[in-house]
Each structure stands twice: as structure tokens, then as C-alpha cells.
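Remarks on the structure that follows.
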Amino acid sequence: MTKSPPLDLPGPALAVENIHKDFAGVHALRGITLDFPRGTVTALMGENGAGKSTLIRIINGDHRPGDGRVLVAGTPRELHSPADARRHGIRVIAQEPEIVPHVSVAENVYIGALPRKTGRMLDRGTLYRRMRADLERLGFAHAIAPEALGSQLSPAQRQLVEILRALTTEATVLAFDEPTSSLSEHEVEALFDLIRRLRDQGLAIIYVSHRMQEIFRLADRIAVLRDGELAGLRDASRADEGEVVRLMVGRDLSALFARRRSARDRVVLDVRDLTTEHVSNVNLEVHEGEVVALAGLVGAGRSELAGALVGDLPIRSGEVRVEGRPLRLRIPRDAVRAGIGYAPEERKAQALFMTGSVRHNISVAVLDRLRRFRFVSSRRERSLAQEFVDRLEVRTPSIDHEVRKLSGGNQQKVVLARWLARRPKILILDEPTRGIDIGAKAEIYRLIDELAGAGVAILVISSELPEVLGLADRIVVMQNGGITGELDRADADEESILALAMAYDLAEPTQGNPS
């Protein structure tokens, strides 16, 4: 466990002064001066491309600044590598940590400081006892088993291993980069409790996140970057969401939702008494040009309903109609042929070919239209990909750039571009803005409004109530695999949605684990 650093050293635990950084003539950071005091959680916010990642990499020794300096406990330090940063008490908790797959969790955590028996053999008994004691003290006793292999870990457990590694060193500065992106609600609470305890011990905490609610729950200060500059530094207790958004994007929060009413009478998607393993007797309509939001708590069955509608999950009974015609859904291709597009929640795992190009990821759904004789026309494919990159303003060096190298918001635009190329009648979006910044969210909202205006029937699944209220014409609320109620936009507020989401008068829970 980390020892509490002394609190009487001069100056903050870490500071950067007049930091500049260019990449091939592009200004990533422009004269950033910022300190990170001991016993304080400083949230680092900004759109993708604002400079957050570059600043963290300079602090971690991955990049060297073009100008300016880094001070540790008031003393200028040259950080040539992450090992240099660690020697000076700086640890960055990576969003996707490196785990040794064939050894235990405990060995991954204490690598480099493993207890040995006589003869240099590993003392597993002592190792596992130490690990269990540290897990108990840190509040993660039930989250992970010391004996589990690295290859068996979930994303949340992999991240926990990285946190535990940092806490076995003499860290004075801990930087968390989007740490809750793969954690459950219970694990988030445990992590927040741990961060507060570390702060109270005197560590300087840097917390990078797009999630506004987390920032205001956890941070003492909020530092906002925009276009490589420090746009503002605010006391979290005195700031509000609107002020932070204005600092990030230069406009008001209200401007994010520019929904025009475009719903028409014609029903495009008609779901009647749909029952699967996870949902029961669901009835739902989405009209041409209408945005319907599915709201509910974790476990409500929203994603499972979407999976059934796109042929991913088997339907036990009921009927799905598209433009009045019954649809037999056996495989996802049936939904695609019927004009249904689907952007799943886990875009990296379920929607994108991460090592493929932007061009390939967009064109893959319409290769039948791009073929000339039996071969795909490269000219047509490139023309189509470029058309949608321009239309959706995908920020990429070229259409041949690997999609894994794009920001989350731009990856999501590529997913949407794929389905727009198929000219869908119905578009199902599961958590379309999860993990992307405010600016990219605004662009996704604009696109949803544009598609609805063109007559596409849109079904949005979202856990962010402001998003639900800002986007939807109607809100359908689910709980325990069933629909508990429906609200028109004009009649809905957060309280009424939550009241329906927390209803307990439904039938017994269905089997499985709906979410």
C-alpha cells in the first residue's frame, strides 16, 4: 500500500510551466501552466484533441515538451520515460493496462517485488496473503481473486490490477485516464472511495473523464483544456455543468440539443407482444421521422430488446413489422435487408474492425453495391467512404487511416457512416455518445436530428437522462424486461422517468441478466 507522502514539502506535488508541444507542425499544447496540489483531486477535461492526452503523456515521460518544464515537488525534472516518472512518484493508470496473461493477478500486481522462498522459488502463500490483505484494505476484496490468471480478467479487473500496481510504489501523484469506462456501478463507488482516501492521505490525483456527473462528485478542481490551451481552472464546488461546457466548446449546453419536430403519422417499426429470454410482451411503435428513447436502469432489458430487433437474440414469441410487413428475424442479415441499421454500445468489440481502415469500415455494409462484375470497385469504394467522411466531418488524416487510431467520437461517426451508406429506414443506437466528449456529442445529436428530418425512424438507448430529454419525441421506460410506461417529450422530466424506471409491480424477473 502507498505510504502517505509528507505534506510539508514546498510547492505542489507536480506542476507544469509554459508547456508547448508540436507534432509535425500541429500545436498540441500551447503554453500550459498548471499545478496539481497534494491532497486534491484535479479533474482534467476537454474535447478530444484539446490536449489532455498529450499533457498526461508528458507527465508520464512518454513525450518530452518542446518548451517549458515539469516540476516535481518544486524541483524541475527531466522525464525521459515512464520509468523516470515512476522514480519521481508519478503513476498513470492506463485506460487499457498491459496484463501478463499466463501468470496470476497477484504476480501481475507485485511484479518486481515478489516474495521468495529459499532457493529463489516464489512464495505463493505469502504473495496471496499480502494480496488479500491489500484488497480488503482497499475495499476490493470481492472484486478479484489473487490466484486468477491475467487471461481470465474482465476489463474492470484488468484496470484494478493497474491501480493496485501503482499503490505498491511510493506514488505521490496518481493520474486516472477514463478509469470508469468499463466498471460496474458498485466498482465505480469502490474506486471513488479509494480515490478519496488516497487524496486524504495527501496524494495529488489527476482525473481525466468525459463524464460530467463523475467530475462533480469527485473533483476538488476542474481544469479545462481547449485547442491546446488552458481555457479555465474552476473550484468544482462553485462551478456548474453549463460553465464547464462553455469552457470546453465555447457555447451553452442548451445549444447541444437542436431537435426539430419531424415525426409523421406513418409507423415504420411496429413491435407487438415481443418476448425473448430477457424481455416480455413488449409493444412499441416508432414513426417515420420520430426519435424514441428507451430509458431505464441497468438490467432493464433495453440492449436485449435491441438485440432481438436486429436478429442477434432469438425471439420466442410476438411479431416485428417494418412498414406494415412482418419481419422474420433469424440472423442479423435479415434486419439489414429489411432496412434496419444498428450501432451497438460496444463499438470497438461489436461494430468496428479496429485494425481496418476508415474506408473499409464504412464500405463493408454496402459491398454488394460497390461490385463491378465480381470484384469491388476501389474507385467506388473510395468515393463512397470520402463522401461520408466529409458529410459526417470525421476527423481523420485519410480514409486509409486505421480506425483504432481515431478518437471515440470519430469512431462512432464511422459506425454511423456505415449504416447511412445503406440508407436505413430504421436506425437503432445503443448508448451512441458513451465515452465521447461534449463536442463530439453535439455533432452526433445534430446528425440524429438531420436523419429524423429525412424521415428515418430512430430508436435511441441512453442512460443519460439529459440526453434522453433533449433528443426524444417520446420516451419509453423499461424495467425488469418490460415496459413500465411511456412519456411524451412535453410531459417528461428526470423525476417522472426515474419513477417509471424504478417501478416494482412487474412480473418476476426473467432469466438471464438483462441490461
Mind checking which pairs have a first residue in segment 136-161 that is of a type in the set (Asp, Glu) and a second that is crowded, with 19+ Cβ neighbours inside 10 Å, Cβ under 6 Å, 6 or more apart or different chains?
-> 147/104
Over segment 306-335, the set of residues more than 20 Å from residue 288 (Cα to Cα) and of a type in the set (D, E, K, R) is 312, 316, 328, 330, 333, 334
Within the group 86, 91, 69, 57, which residue is surrounded by fewer than 22 Cβ atoms within 10 Å (Cβ to Cβ) and in a strand (DSSP E or B)?
-> 69
In this structure, does residue 80 turn out to be modelled with pLDDT of 90 or more, under 30 Å from residue 64 (Cβ atoms) and surrounded by fewer than 15 Cβ atoms within 10 Å (Cβ to Cβ)?
-> yes
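For segment 290-328, which positions are closer than 20 Å to residue 339 by Cβ and assigned to a strand (DSSP E or B)?
Selection gives 291, 292, 294, 318, 319, 320, 321, 322, 325, 326.
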Filter result (crowded, with 19+ Cβ neighbours inside 10 Å and part of a helix (DSSP H, G or I)) within segment 137-149 = 138
Is it the case that residue 475 is touching a helix residue (DSSP H, G or I) at 6+ places or on another chain (Cβ under 9 Å) and assigned to a helix (DSSP H, G or I)?
-> no
Candidates 39, 46 - the one that is at pLDDT 90 or above and not acidic (Asp, Glu) | 39
Of the residues in segment 197-236, those that are in contact (Cβ under 8 Å) with a residue 40 or more places away in the chain and farther than 15 Å from residue 248 by Cβ number 13
Taking segment 224-260, which residues are modelled with pLDDT of 70 or more, within 30 Å of residue 290 (Cβ to Cβ) and basic (Lys, Arg)?
-> 260
Scan segment 361-405 for residues that are touching a residue at least 40 places away in the same chain (Cβ under 8 Å) and either in a helix (DSSP H, G or I) or touching a Leu at 6+ places or on another chain (Cβ under 7 Å) (or both) and report the count.
-> 9
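Quick check on this structure: which one of 492, 421 is closer than 30 Å to residue 315 by Cα and surrounded by fewer than 24 Cβ atoms within 10 Å (Cβ to Cβ)?
Selected residue: 421, the only one of 492, 421 that is closer than 30 Å to residue 315 by Cα and surrounded by fewer than 24 Cβ atoms within 10 Å (Cβ to Cβ).
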Can you name the number of the only condition in (1) surrounded by fewer than 15 Cβ atoms within 10 Å (Cβ to Cβ); (2) closer than 26 Å to residue 445 by Cβ; (3) of a type in the set (Val, Ile, Thr) that residue 355 fails?
-> (2)
Determine which member of the set 294, 284, 274, 305 is more than 21 Å from residue 420 (Cα to Cα) and either touching a Lys or Arg at 6+ places or on another chain (Cβ under 7 Å) or acidic (Asp, Glu) (or both).
-> 294
Pairs, please: C-beta under 8 Å, at least 6 apart or cross-chain, first residue under 18 Å from residue 345 (Cα atoms) and in segment 453-475, second of a type in the set (S, T, N, Q)?
-> 461/303; 462/433; 464/433; 467/433; 468/462; 471/462
Test: residue 10 is in a loop (DSSP other than H, G, I, E, B), surrounded by 15 or more Cβ atoms within 10 Å (Cβ to Cβ) and modelled with pLDDT under 90 | no
Any chance segment 455-478 includes a residue that's small (Gly, Ala, Ser) and out of contact with any Lys or Arg (no Cβ under 9 Å at 6 or more places or on another chain)?
-> no
Within segment 351-378, work out how many residues are closer than 21 Å to residue 435 by Cα and at pLDDT below 75.
-> 1
Is it the case that some residue within segment 338-352 is of a type in the set (A, V, I, L, M) and surrounded by fewer than 15 Cβ atoms within 10 Å (Cβ to Cβ)?
-> yes
Could you please give the count of residues in segment 101-136 that are surrounded by fewer than 14 Cβ atoms within 10 Å (Cβ to Cβ) and under 25 Å from residue 59 (Cβ atoms)?
-> 3
Picked from segment 165-201 (must be among the acidic types (Asp, Glu) and in a loop (DSSP other than H, G, I, E, B)), the residue nearest to residue 434 (Cα to Cα) is 178
Those residues that are crowded, with 24+ Cβ neighbours inside 10 Å and small (Gly, Ala, Ser), I need them from segment 40-50; list them, please.
-> 43, 46, 50
Over segment 150-164, the set of residues crowded, with 20+ Cβ neighbours inside 10 Å and assigned to a loop (DSSP other than H, G, I, E, B) is 153
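Could you count how many residues in segment 272-302 are among the β-branched types (Val, Ile, Thr) and over 16 Å from residue 475 (Cα atoms)? Spell out the reasoning first.
Filtering segment 272-302 down to residues among the β-branched types (Val, Ile, Thr) leaves 275-276, 279, 282, 286, 291-292, 298.
Filter once more, so that each one left must be over 16 Å from residue 475 (Cα atoms): 275-276, 279, 298.
Looking only at that region, the number is 4.
The values are calculated or read from the model by the stated rules, or taken from the named source; none is laboratory data. Since the model is a prediction, treat every value here as computed from it, not as a measurement. Ideal geometry is used to build each Cβ from the backbone, glycine not excepted, and the neighbour counts take in all protein chains shown.
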